[in-house]
1. Does D29 satisfy the condition of being out of contact with any Gly (no Cβ under 7 Å at 6 or more places or on another chain) and in a helix (DSSP H, G or I)?
2. Go through segment 1-26 residue by residue and tally those that are open to solvent by 70 Å² or more (accessible area, probe 1.4 Å) and farther than 18 Å from I49 by Cα.
3. When you scan segment 38-53, how many residues do you find that are under 21 Å from D11 (Cβ atoms) and assigned to a loop (DSSP other than H, G, I, E, B)?
4. Quickly run through segment 45-67 and pick out the residues that are touching a Lys or Arg at 6+ places or on another chain (Cβ under 8 Å) and exposed (fewer than 13 other Cβ atoms within 10 Å of the Cβ).
5. Could you list, in sequence order, all residues of segment 1-12 that are touching an Asp or Glu at 6+ places or on another chain (Cβ under 7 Å) and not charged (D, E, K, R)?
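The values are calculated or read from the model by the stated rules, or taken from the named source; none is laboratory data. This is a predicted model, so every value here is computed, not measured. Backbone-built Cβ (ideal geometry, glycine too); neighbour counts: all protein chains shown. Accessible surface areas use protein heavy atoms only, side chains included; no ligands, DNA or RNA. Shrake-Rupley method; radii C 1.70, N 1.55, O 1.52, S 1.80 Å.
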Amino acid sequence: MIIEDDQPMADAMQKHIEAWGNQCQCVTDFRNVISAFASYDPHLVLMDIMMPQMDGIEAMVKIRERS
């Protein structure tokens, strides 16, 4: 799962991850990062620290509470 507000950066990461044969989802609604994480249930999260609606550290803490 990629949580990145710079869309060209997120697209490039997704392209490479999928080229290696992995599935990948990019989060685009930064108000619902936690629900997106819960519904996708990824093995790996690549997350930007400075996001528009939710700080990456805050999101990480909430994700760790669920995983």
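1. Details: out of contact with any Gly (no Cβ under 7 Å at 6 or more places or on another chain): yes; in a helix (DSSP H, G or I): no.
No: the conditions fail for D29.
2. Selection size over segment 1-26: 7.
3. Adding up the residues that qualify gives 10.
4. Pass one, segment 45-67, residues touching a Lys or Arg at 6+ places or on another chain (Cβ under 8 Å): 53-54.
Within segment 45-67, Q53 is the sole residue that qualifies.
5. I3, A10
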